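This report concerns only the one structure given below.
Rule-based calculations on the coordinates, nothing more; no lab input. Just so it is clear, the structure is predicted and the values come from calculations on it, not from any experiment. No Cβ is skipped: glycine too gets one built from the backbone with ideal geometry, and neighbour counts run over all protein chains shown.
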Amino acid sequence: MNGVTIEQRVAEFLRTLPAGITLVAAAKTRTQGEVQAAIRGGIKILGYNYIQEAEQMVAIIGHNVRWHMIGHLQRNKAKKAVQLFDMIETVDSLKLAQIIDRHCAEIGKEMPILIEINSGKEASKTGVLPGEVDNLVEQLSQLSHVKVQGLMTMGPITDDPELVRPYFKTTRLAYDRLARAKIPNVAMRYLSMGMSDSYQVAIEEGANVIRIGTRLFGPRMMDTTS
Ligand SMILES: *Cc1c(COP(=O)(O)O)cnc(C)c1O
């Protein structure tokens, strides 16, 4: 790809990233070699959408990097997810959080989680509606092994990042509202939004975690985003 290696691309991306922004490399479909090149370039956090793919890569790479679940988590995969991941960014129901909490209790682990917001209010999408997040977070604050640390959103997929801005704004409003509510056992520390085409807009709207795939690794052969 233009003679520039993944390692160089990652290093350059990190060099230009504003201070205080955490980069998650969205690594779905990437080979072991590509992922290792990204780590040489400076990647500290790998994001995965599927348990099985993450499991294979964790077995190879280990825990010198951190692992974030960024895809929808099925309840029957929660036990495995709890073993593999350092953060689950996509919790969107009390039921799922309770199952994560129970599996964490079994192995004595605390799991930082983000609440996924369906900011576009799309019927086809996972995530909790912006108007329902406060109630959900209140309930999750009661769980002892799950720690709400912030919010995550995808927003509608479009070619024009300006069209996603309103959905990032909506998510930021919920984030600020929850921060002001000062719910015990809940911290609004991470706001995860923005992908390769939209991360600049996301940062303008307050994101401090961005999840980037294509811009680091190049185009995916088979796109599994949606
Ligand atoms: C694939 C993916 C990304 C990154 O997408 P790119 O457009 O390749 O940067 C971010 N977040 C999630 C949840 C993803 O599945």
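Across the options His145, Val10, Gln98, the greatest Cα extent toward the positive end of the charge dipole of the chain (unit charges at beta carbon of Lys, Arg, Asp, Glu) belongs to His145. Percent of alpha carbon pairs in the chain separated by more than 27 Å? Counting pairs separated by more than 27 Å, the tail of P(r) holds 30 percent.
Sequentially through segment 52-67, phi angles give Karplus couplings (6.51, -1.76, 1.60; θ = phi - 60°) of 5, 5, 5, 4, 4, 6, 4, 4, 7, 9, x, 10, 7, 10, 9, 10 Hz, Gly and Pro residues having no value and appearing as x.
Annotation: amide H-H contacts under 5 Å for Val146 (H modelled 1.01 Å from N, sequence separation of 5 or more, or interchain): Met111. Inter-label distance, Gln8 to Ser141: 5.1 nm, where each label sits 7 Å from its Cα along the C-beta direction.
Using C-alpha pairs below 8 Å separated by at least 6 residues, the relative contact order for the chain is 19 percent.
Think of each Lys and Arg Cβ as +1 and each Asp and Glu Cβ as -1; about the Cα centre, that makes the dipole of segment 74-139 roughly 400 debye. Here segment 1-49 is treated with +1 on each Lys and Arg Cβ and -1 on each Asp and Glu Cβ, and its dipole about the Cα centre works out to around 80 debye. Size descriptors for segment 144-215 (Cα atoms only): Rg and Dmax, in that order, 12.9, 41 Å. Explain nothing, just the number: dipole magnitude of the chain about its Cα centre with +1 on each Lys and Arg Cβ and -1 on each Asp and Glu Cβ, in debye rounded to the nearest 20. Once rounded to the nearest 20, the dipole reads 440 debye. By the count of other C-beta atoms within 10 Å, a proxy for reagent exposure, Glu205, Glu55 are ordered fewest to most as Glu55, Glu205. Once you've got the Cα coordinates, tell me which of Lys147/Lys182; Lys80/Lys125; Lys79/Lys109; Lys80/Lys121; Lys125/Lys147 are over 18 Å apart. Lys80/Lys125; Lys80/Lys121; Lys125/Lys147, as the Cα separations exceed 18 Å there.
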